[in-house]
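> Below is one structure. I have some questions about it.
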Amino acid sequence: MGRKGDLLELIDSAPIGLRSLSGSLWTWTHHARCRLAIDEVSRSVNASVTHFGFGNPLGETSDEHLHVWADPPGRWRIESDGRVDMNNGGSRWIGTTAHVTENNGDGSRLDDTELGLLVHPAPHLFGVLHFEAPAEDEVAGRRCWRSTATIELGLSTARPMPLGMRLPGIDHSFWFDTETGIVLRHVGMIDNQPCSVIEFKSIAINVPNPDEIYQFKPSPDTTVVHQLDQLILMAETRGADLTGVDRTDPDAVRRAAFDVMRPPLATPEARRETQRAKHVPIGEPPDDEDAARASIEDAFTHFGDVADDGTTLANVQDGEGLAEPLVQARRRVPGNPDGITTFVVDDIKFLRSDEAVVWFSLDIGGNRLGMVNGREGRALLVNDQWMIEHATVVDLLGFAGITAPPSNR
């Protein structure tokens, strides 16, 4: 397989055989360079890159020394002189030495912490970084593989990039423990200058942690607030009516708080009337509206019918050369590898006797595609036949990334 292949397999399998760990972890951040690196990734990569922070950092750089314990996946303790993040497998306490929030059964994971990123690196790194072949090295008295990696700036991805908010940098160096695959050290670089460092200064692996480590004992000066109490206070502050709301259910309280911030959604009928009102007829409707509606619906239902020449869409205005682009577009519809789709007409409004606004949807196996649900198009009467407007088809093809040939008009 080769060393690089062995490294990737090690990362993918991490943490191998890890039952517990403890040690000290050092983090260092150069704030301006980190922001620069995140901005560069945002501009260069077709993906959402998020950075979370708490207020403005003090000074040009900051560093923090953490004491860490973990019994993956459900128990951990991460603390410094100023903060604590602890989970005993059922409850989580997170905050500062002065104020801590207690969360009961909130489903949080070790992966949500900076320690989890090091213990379980594959989901955060694969698909984002290109790794070089590793070399042998040592960190905190443990054998490791050192490898450089670079963000693929030409990458196109629809998912968020956790690396951009948790390990800032364009060029990266990693030190992976050869036994477990966890990250022992990471250095992020931009323009050949370091912007972030995180590394274990000491670490013990598979040495059992005493149960009392995971017992939360706040100091007398620490205020402990339950998450549910904070949610209730937030809801009441926003003016939410909690009458009839189960105050023991965090989700119910949260929904009540958010409902105050969201205006009520219009009904489908009201939205449709709003859409129709935007279009003012400029002439008389067809003499036989029912027959015209049926003809338009038939044109959309048989959107993909091809004329005898094999290249023309028979129910599309100036449909020459559109048959193959439509086939290509259908293959790109998410969840539709066979390219089988059905167009459904939702509503029609005639602007004059030979033109109508049509709202239509794309049905795939009984489910409507969200991106083409109630989409607006036009139908035209051409040589006594109702046809789908050429521009409507060009718009749909472009939505799928397909360029249509120009109209012959």
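The values are calculated or read from the model by the stated rules, or taken from the named source; none is laboratory data. Quick caveat: nothing in here was measured; it's all calculated off a predicted structure. Counting neighbours? That spans all protein chains shown, and the Cβs are built from the backbone with ideal geometry, glycine included.
> Output the helices (runs of 4 or more DSSP H) that fall wholly within the stretch 225-319 and possess 2 or more residues being more than 36 Å from the chain's Cα centre (by Cα), surrounded by 13 or more Cβ atoms within 10 Å (Cβ to Cβ) and touching a residue at least 40 places away in the same chain (Cβ under 8 Å), or say none.
Where helices (runs of 4 or more DSSP H) fall fully within the stretch 225-319 and carry at least 2 residues being more than 36 Å from the chain's Cα centre (by Cα), surrounded by 13 or more Cβ atoms within 10 Å (Cβ to Cβ) and touching a residue at least 40 places away in the same chain (Cβ under 8 Å), they are 289-301.
> Shifting gears a bit: Hey, could you check the stretch 63-97 for residues that are among the polar types (S, T, N, Q) and either modelled with pLDDT of 95 or more or part of a strand (DSSP E or B) (or both) and say which is nearest to LEU110 (Cα to Cα)?
ASN87
> Kindly establish whether LEU242 is within 19 Å of TRP93 (Cβ to Cβ), among the aliphatic types (A, V, I, L, M) and not assigned by TED's automatic domain parsing to the domain that holds ASN104.
No; evaluated as a whole, the condition is false for this residue.
> A further question on this structure: Would you confirm, using the coordinates I've provided, whether LYS217 is within 22 Å of VAL84 (Cβ to Cβ), assigned by TED's automatic domain parsing to the domain that holds ALA135 and in a loop (DSSP other than H, G, I, E, B)?
yes
> Still on this structure, I have one more. Could you check GLY95 against (1) farther than 27 Å from ARG33 by Cα; (2) without any contact (Cβ under 8 Å) to a residue 24 or more places away in the chain and say which number it fails?
All conditions are met except number (1).
> When you scan the stretch 72-122, how many residues do you find that are among the acidic types (Asp, Glu) and in contact with a His (Cβ under 7 Å, 6 or more places away or on another chain)?
3
> Listed residues GLU179, GLU199, GLU138; which is exposed (fewer than 14 other Cβ atoms within 10 Å of the Cβ) and either at pLDDT 95 or above or under 15 Å from THR29 (Cα atoms) (or both)?
GLU138
> Let me ask another. So, in the stretch 120-151, how many residues would count as being assigned to a loop (DSSP other than H, G, I, E, B) and of a type outside the set (A, V, I, L, M, F, W, C)?
6
> Scan the stretch 16-26 residue by residue and report those that are within 15 Å of TRP175 (Cβ to Cβ) and either surrounded by 16 or more Cβ atoms within 10 Å (Cβ to Cβ) or at pLDDT below 95 (or both).
Result: GLY23, LEU25.
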